Amino acid sequence: MASSLTIRPVLTKRDRKAFVDLPFRLYADDPHWIPPLKGEAIGLITPEKNGWFSHATAQLFLGEQGGRVVGRISAHIDTLALTMPAEQGFGPGCGQWGLMEAESEDIFAVLIATAEEWLREQGMKRVLGPISMSVWEEPGLLIDGFDHAPTVMMGHAKPEYRGWIEAAGYAPVKQLFTYELDITKPFPPIVNRIIQSGEKNPRIVVRRVDKSKFEQEAAIILSILNDAWSGNWGFVPLTPPEIADVGVKLKPIVFNDLIRIAELDGRPVAFMITLPDLNEAIKPLNGSLFPFGWARLLWWLRAPQVRTVRVPLMGVIKELQASRMASQLAFMLIEYIRRAAVENYGAVRGEIGWILDDNQGMRSIAETIQCDINKTYQIYEKTL
């Protein structure tokens with residue numbers, strides 16, 4: 001019973017290990033859950049290993065019952081998010097919770113109440129969740145699309161969590177979609193004509209990134225990203241410490257032909273990042289690189305062959321977003337990377353997203369190239 005439940009803060013390395021270990025038991029029978037590499041999962045919640053903590057603070061909680069860990073949750077405050085306009089989702093007095101897992105609704109209710117109380121003590125008046133832990137990591141609760149595994153850097157959840165969250169007084173505030181498509185098929189004729197027109201335009205150059213100049217290329221992409229996304233709901237600018245950490249994590253799966261930058265009159269104005277689905281490689285490792293996981297993963301990284309590639313980020317600078325040029329650049333980026341993904345990595349499936357439900361520009365592009373929504377994630381809000 002919940003009456004015998006103990007909630008305590010995560011304080012030690014052992015506590016963090018227990019926090020990371022819990023989902024391995026709760027999802028043991030779920031064929032679509034992807035066990036994260038435990039080292040990466042511990043790094044996410046360790047301030048010294050996650051650049052997000054340079055502008056954020058968090059408290060993790062464990063629920064224990066009968067000598068077992070039966071639930072977990074994080075409560076956190078992003079100081080950059082507090083400076084954003086409230087109409088864009090965050091804003092003054094807005095905290096978050098995430099990384100929630102629980103054996104039962106009773107346990108969940110106590111965990112979320114504990115997270116809410118911690119946020120109130122920090123002066124928060126409103127809460128959004130689940131956000132685990134930065135909006136750039138795994139925002140939202142999966143509410144549709146449980147029948148297949150998530151791609152790299154996307155979340156999974158139990159179907160019952162939705163009812164538990166709503167029963168705790170939370171209302172939906174935003175949906176995020178991922179779109180999938182068969183990338184072995186050419187795009188519709190109208191899209192190809194738009195691409196061909198762009199190829200004839202001497203002002204446009206779409207180039208591969210140069211991984212040997214990783215920091216310089218990352219700076220270009222970051223500049224475009226922070227401009228292109230600045231008006232989006234939930235936007236919080238990425239900071240240099242976060243970029244440095246992301247670079248370390250993603251550099252092994254960065255390939256020159258899967259990341260492109262579009263230049264107009266020699267100026268970088270758009271980009272698209274595509275990643276081979278690392279989840280296909282790590283799923284059999286069950287969270288551990290030992291004793292043979294290192295060798296398997298390193299072998300895979302040498303020349304990955306995957307079924308799926310994912311587009312986690314793309315953007316066009318704000319001054320072009322209302323123009324025809326924006327969609328033309330997007331179609332060119334998608335087509336060039338589609339070809340590379342099929343020819344060089346054996347991919348047959350692409351996934352684009354997440355895309356905000358009110359991002360009509362990106363949703364229109366996805367629908368024009370005949371994508372279908374395959375997963376829906378939902379973010380909730382509550383007044384504290």
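The values are calculated or read from the model by the stated rules, or taken from the named source; none is laboratory data. If you're wondering where the values come from, they're calculated on a predicted model, not measured in any experiment. Methodologically, a virtual Cβ is constructed for each residue, glycine included, from the backbone with ideal geometry; neighbour enumeration extends over all protein chains shown.
The residues listed here are 93, 39; of these, the one that is at pLDDT below 95 and small (Gly, Ala, Ser) is 39. Residue 257 meets each of the listed conditions (1) touching a strand residue (DSSP E or B) at 6+ places or on another chain (Cβ under 9 Å); (2) free of Cβ contacts under 8 Å to residues at least 60 places away in the same chain; (3) over 30 Å from residue 17 (Cα atoms) apart from (2).
Considered as a group, the residues in region 316-334 that are surrounded by fewer than 23 Cβ atoms within 10 Å (Cβ to Cβ) and in contact (Cβ under 8 Å) with a residue 60 or more places away in the chain include one that is farthest from the chain's Cα centre (by Cα), and that residue is 325. A single entry from 301, 289, 297 fulfils the requirement of being of a type in the set (A, V, I, L, M) and either out of contact with any helix residue (DSSP H, G or I) (no Cβ under 9 Å at 6 or more places or on another chain) or not in a helix (DSSP H, G or I) (or both): 289. Return yes or no: is residue 235 in a helix (DSSP H, G or I), more than 19 Å from residue 34 (Cβ to Cβ) and either touching a residue at least 60 places away in the same chain (Cβ under 8 Å) or aliphatic (A, V, I, L, M) (or both)? Answer is no for this residue.
Only residues that are surrounded by fewer than 17 Cβ atoms within 10 Å (Cβ to Cβ) and not in a helix (DSSP H, G or I) were counted across region 358-372, and they come to 3. Got at least one residue in region 17-29 being crowded, with 21+ Cβ neighbours inside 10 Å and of a type in the set (Phe, Trp, Tyr)? Yes, because at least one residue in region 17-29 is crowded, with 21+ Cβ neighbours inside 10 Å and of a type in the set (Phe, Trp, Tyr). Restricting 367, 351, 381, 343 to residues that are closer than 25 Å to residue 252 by Cβ, within 23 Å of the chain's Cα centre (by Cα) and at pLDDT 95 or above narrows the list to 351.
Inside region 226-250, can you point out the residues that are acidic (Asp, Glu) and either under 14 Å from the mean Cα position of the chain (by Cα) or more than 20 Å from residue 353 (Cα to Cα) (or both)?
Our first condition is that a residue be acidic (Asp, Glu); within region 226-250, this holds for 227, 242, 245.
Across region 226-250, the qualifying residues are 242, 245.
Between 295, 262, which is within 21 Å of residue 214 (Cα to Cα) and over 21 Å from the mean Cα position of the chain (by Cα)? Spell out the reasoning first.
Details: 295 fails: within 21 Å of residue 214 (Cα to Cα).
Of 295, 262, the one residue that is within 21 Å of residue 214 (Cα to Cα) and over 21 Å from the mean Cα position of the chain (by Cα) is 262.
Residue 106: surrounded by fewer than 24 Cβ atoms within 10 Å (Cβ to Cβ) and under 19 Å from residue 241 (Cα atoms), yes or no? Spell out the reasoning first.
Values: surrounded by fewer than 24 Cβ atoms within 10 Å (Cβ to Cβ): yes; under 19 Å from residue 241 (Cα atoms): no.
So residue 106 does not fit the description; no.
If you check every pair at least six apart or on different chains, which have Cβ atoms under 7 Å apart with a residue in region 27-47 that is among the small types (Gly, Ala, Ser) first and a residue that is not in a helix (DSSP H, G or I) second? From residues that are among the small types (Gly, Ala, Ser), the pairs are 43/50.
Mind listing whichever residues of region 126-163 are β-branched (Val, Ile, Thr) and either over 21 Å from residue 85 (Cα atoms) or free of Cβ contacts under 8 Å to residues at least 24 places away in the same chain (or both)? Full working, then the answer.
The first filter runs over region 126-163 and keeps only residues β-branched (Val, Ile, Thr), leaving 127, 131, 135, 143, 151-152.
Scanning region 126-163 gives 143, 151, 152.
Please report, ordered by residue number, the helices (runs of 4 or more DSSP H) entirely within region 123-232 with at least 3 residues that are in contact with a strand residue (DSSP E or B) (Cβ under 7 Å, 6 or more places away or on another chain) and either surrounded by 20 or more Cβ atoms within 10 Å (Cβ to Cβ) or in the same structural domain as residue 248 (by TED's automatic domain parsing) (or both).
Numbers: elements: 161-167, 189-199, 214-228.
Here the list reads 214-228.
Criterion applied to 370, 328, 360 was being assigned by TED's automatic domain parsing to the domain that holds residue 191 and touching a Gly at 6+ places or on another chain (Cβ under 7 Å), and the one residue passing it is 328.
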